[in-house]
Amino acid sequence: MFKESFKEVFDKFKFQFFCRIFDLVRERDGSLTAMEAFSLEIIDMLQAPTVSQFADFLDISQSNATYKVNSLIRKGYLVRKVSDLDRREAHLILSEKYRSYMSLLTSYEDKVMDRIAARFPQEDLDTFDRILRTMSDELMPECAGIRPKLKEKG
């Protein structure tokens with residue numbers, strides 16, 4: 001039963017996410033395409049990757065990744081920051097424009113989390129947190145390295 005319940009909840013989060021993505025990518029000058037919106041999500045999860053790291057993650061050519069990145073820079077969602085340690089390396093940094101866009105996407109997640117916190121006792125929330133952390137840390141090895149700062153938030 002828990003498999004069906006998990007899939008149902010996951011599908012509802014995806015549904016809300018996709019609805020918001022497509023609401024944000026309406027045809028207008030400077031708007032994001034769906035692929036660009038997903039690319040920004042990936043860059044956010046990779047936490048300031050280089051273009052090469054972005055290309056490797058998506059298993060696309062460097063030139064294709066550079067094309068996507070340049071489009072996002074032109075639209076103001078991304079900036080390229082030269083590394084202080086290695087001046088030959090540049091990292092992809094998400095702009096304030098992206099942060100504003102992202103707050104629209106995460107508002108539903110925040111709303112559901114607030115509802116969970118209001119509905120269940122702290123003991124259940126601690127158990128739920130432990131299950132989610134175990135899922136992220138141990139049961140999803142294919143996603144190792146994605147969002148490593150979650151642990152720091154404690």
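The values are calculated or read from the model by the stated rules, or taken from the named source; none is laboratory data. Nothing here was measured: the structure is a model prediction, and the numbers come from that model. Neighbour counts run over all protein chains shown; Cβ positions are idealised from the backbone, glycine included. For the accessible areas, the whole protein counts, side chains as well, though only heavy atoms, and no ligand, DNA or RNA atoms are used. Shrake-Rupley method; radii C 1.70, N 1.55, O 1.52, S 1.80 Å.
Tabulated values for the structure
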item: Where Cα atoms sit under 23 Å apart: lysine pairs in the chain separated by 8 or more or lying on different chains; result: 17
item: Heavy-atom SASA rank of Ile131, Ile43 (probe 1.4 Å, accessible area, largest first); result: Ile131, Ile43
item: Pairwise centroid distance, computed over Cα atoms, of the stretch 85-100 with the stretch 118-138, Å; result: 33 Å
item: Between helix 96-119 and the chain: long-axis angle, C-alpha atoms, 0 to 90°, nearest 10; result: 10 degrees
item: Charge dipole (debye, nearest 20) of the stretch 6-146; +1 at Cβ of Lys and Arg, -1 at Cβ of Asp and Glu; result: 660 debye
item: The chain: angle of helix 122-138 to the longest principal axis, Cα-based, in degrees nearest 10; result: 40 degrees
item: Within the accessible area of the stretch 38-132 (1.4 Å probe), percent carbon and sulfur; result: 54 percent
item: Solvent-accessible heavy-atom area per residue, rounded to whole Å², over the stretch 34-154 at 1.4 Å; result: 68 Å²
